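> Below: one structure in C-alpha cells.
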Amino acid sequence: MNTAADFTKYKMSHLSWTQYRERLKIAPLVILPVGALEQHGPHLPMACDALLAEAIALRLAANINGLVMPPLSYGYKSQERSGGGQCFPGTTSLDGITLIHTLRDILRELFRHGAMHILVLNGHVENQWFLTEGIDLALREITQSQPVNRVSRCEYWNYTPQNVLERIFDGPFPGVDLEHAALIETSMMLALYPHLVDTSAFPEDMLADFPAHDTYPQKGDGVPVSGVLAPLSSASADKGWLLINSTVECLAAAFKPE
C-alpha cells in the first residue's frame, strides 16, 4: 500500500517546468487519467471515477517511472444502464464534442512538449468512444516536426484479472456497466479513500434490470432510487486492495518500457 506522499514525484502538476522537461526525457509513459463528475449512490463521492483513475495511474507510474497529468474530471453524459443517467442532481456532464476537443487539445500540447508515449487511462464507461475520437483528431495534426511514437487508451478495469473478479464476487460478475457504484468501486474507495465512503449510507442490495435498448429522453426507468446498479454489501478494503494491486500489476506488464 502506498501513501499519497509516495507519488508526488510522478505528478506533472507538482513539478516546475524545468523539472518536467528533464523528467519527460526519461519517462517512458505520460498518463492522463479521465473520469467524470457523476452520482455514485448515497455512499460514494461524485468524483469517484476520476479519483480511482488517478490512483491507478499514480501506482502505474510508480512501477514504470512514468508521469501523471492532473485528471480530466468531467466526462460524457451518464447513461441509465451504466451510470444511472442524467436524472440525478450533481451529475455534471460534457457534450461528446466538448470531451473530444478537450482531449485533442491536451494531446496536442503533449506532442508539443515532446511526449513519446501517452496513455489515456479511462475510469468512466461512457467516455470511451469520445476519447478515441479525440486521439484520432490529435494524431491527424502531427507533422514531421512533431514525432510521437503512440497514444494508447484503455479502461483500467479491462486489466483486472478474471480470477480476481471470481474471488471477490459471491455470485456471478454482473458486468462492468452494472457495477456502477457497487462492489468494485466501493471496495476500491474503501481501500484508497475510506474517509470519503459513508458506510452508514450503503443502500439495500439490488440488481438493476434494464431492457436491451435505450429510450430518449431518459427518464430513469429501471434505475434504483439509490443510483447503485448492483449489490455492494460485501464490499471491503481488502477486496479493494486486491483489485487495485492486481490491476496495476497487469497494467505495468503491458506498459513497461521496451
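> Answer yes or no as to whether Glu155 is at pLDDT 95 or above and touching a Gly at 6+ places or on another chain (Cβ under 7 Å). Step through it out loud before you land on a result.
Working: at pLDDT 95 or above: yes; touching a Gly at 6+ places or on another chain (Cβ under 7 Å): no.
Here the answer is no, as Glu155 does not meet what is asked.
> Just need a number here: residues in segment 127-162 that are buried (at least 16 other Cβ atoms within 10 Å of the Cβ), out of contact with any helix residue (DSSP H, G or I) (no Cβ under 6 Å at 6 or more places or on another chain) and charged (D, E, K, R).
Adding up the residues that qualify gives 1.
> Being free of Cβ contacts under 8 Å to residues at least 40 places away in the same chain and part of a loop (DSSP other than H, G, I, E, B) is the filter; apply it to segment 171-200 and report the residue that is farthest from the chain's Cα centre (by Cα).
If we take residues in segment 171-200 being free of Cβ contacts under 8 Å to residues at least 40 places away in the same chain and part of a loop (DSSP other than H, G, I, E, B), then Gly171 is farthest from the chain's Cα centre (by Cα).
> If you scan segment 224-258, which residues turn out to be part of a loop (DSSP other than H, G, I, E, B) and either surrounded by fewer than 17 Cβ atoms within 10 Å (Cβ to Cβ) or among the polar types (S, T, N, Q) (or both)? Lay out the reasoning, then the answer.
Initial filter on segment 224-258 (part of a loop (DSSP other than H, G, I, E, B)): 224-236, 256-258.
Scanning segment 224-258 gives Val225, Ser226, Ser233, Ser234, Ser236, Lys256, Pro257, Glu258.
> A further question on this structure: Which condition breaks for Glu38 when tested against (1) surrounded by fewer than 13 Cβ atoms within 10 Å (Cβ to Cβ); (2) among the acidic types (Asp, Glu); (3) at pLDDT 95 or above?
Exception for Glu38: condition (1).
> Additional query: What pairs can you find where one residue is in segment 241-258 and of a type outside the set (Gly, Ala, Ser) and at pLDDT below 95, the other is in a helix (DSSP H, G or I) and crowded, with 17+ Cβ neighbours inside 10 Å, and their Cβ atoms are less than 7 Å apart, with a gap of 6+ or different chains?
The qualifying pairs are Lys256/Ile64; Pro257/Ile64.
> Sort through Cys48, Cys87 and tell me the only one that's more than 21 Å from Ala115 (Cβ to Cβ) and surrounded by 23 or more Cβ atoms within 10 Å (Cβ to Cβ). Give the steps one after another, and end with the answer.
On the way: Cys87 fails: surrounded by 23 or more Cβ atoms within 10 Å (Cβ to Cβ).
Answer to the selection: Cys48.
> Follow-up. Among the residues of segment 88-110, is there at least one that is in a loop (DSSP other than H, G, I, E, B), in contact with a helix residue (DSSP H, G or I) (Cβ under 7 Å, 6 or more places away or on another chain), farther than 19 Å from Ser152 by Cβ and of a type in the set (Ser, Thr, Tyr)? First the steps, then the outcome.
Taking segment 88-110 as the starting set, the residues that turn out to be in a loop (DSSP other than H, G, I, E, B) are 88-91, 93, 95.
Filter again for in contact with a helix residue (DSSP H, G or I) (Cβ under 7 Å, 6 or more places away or on another chain), leaving none.
No: zero hits.
> While we're on this one: Does segment 54-87 hold any residues that are over 11 Å from Tyr10 (Cα atoms), part of a loop (DSSP other than H, G, I, E, B) and among the hydrophobic types (A, V, I, L, M, F, W, C), and which are they?
Result: Cys87, single match.
Yes or no, residue by residue, for (1) of a type outside the set (Phe, Trp, Tyr); (2) buried (at least 19 other Cβ atoms within 10 Å of the Cβ); (3) closer than 12 Å to Gly240 by Cβ:
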| position | (1), (2), (3) |
| --- | --- |
| Val164 | yes, no, yes |
| Ile168 | yes, yes, yes |
| Phe173 | no, no, no |
| Val176 | yes, no, no |
| Ile184 | yes, yes, yes |
| Ala191 | yes, yes, yes |
| Met206 | yes, no, no |
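> Separate question: Output the residue which, of all residues in segment 213-223 that are within 18 Å of Pro89 (Cα to Cα) and in contact (Cβ under 8 Å) with a residue 60 or more places away in the chain, is surrounded by the most Cβ atoms within 10 Å (Cβ to Cβ). Break it down stepwise before answering.
Step one: list which residues in segment 213-223 are within 18 Å of Pro89 (Cα to Cα), which gives 217-223.
Now narrow it down to the ones that are in contact (Cβ under 8 Å) with a residue 60 or more places away in the chain: 218-223.
On the way: Gln218: 17, Lys219: 11, Gly220: 14, Asp221: 11, Gly222: 14, Val223: 22.
Taking the candidates together, the pick is Val223.
The values are calculated or read from the model by the stated rules, or taken from the named source; none is laboratory data. The structure presented is a predicted model; accordingly, all values stated were derived computationally and were not measured. Backbone-built Cβ (ideal geometry, glycine too); neighbour counts: all protein chains shown.
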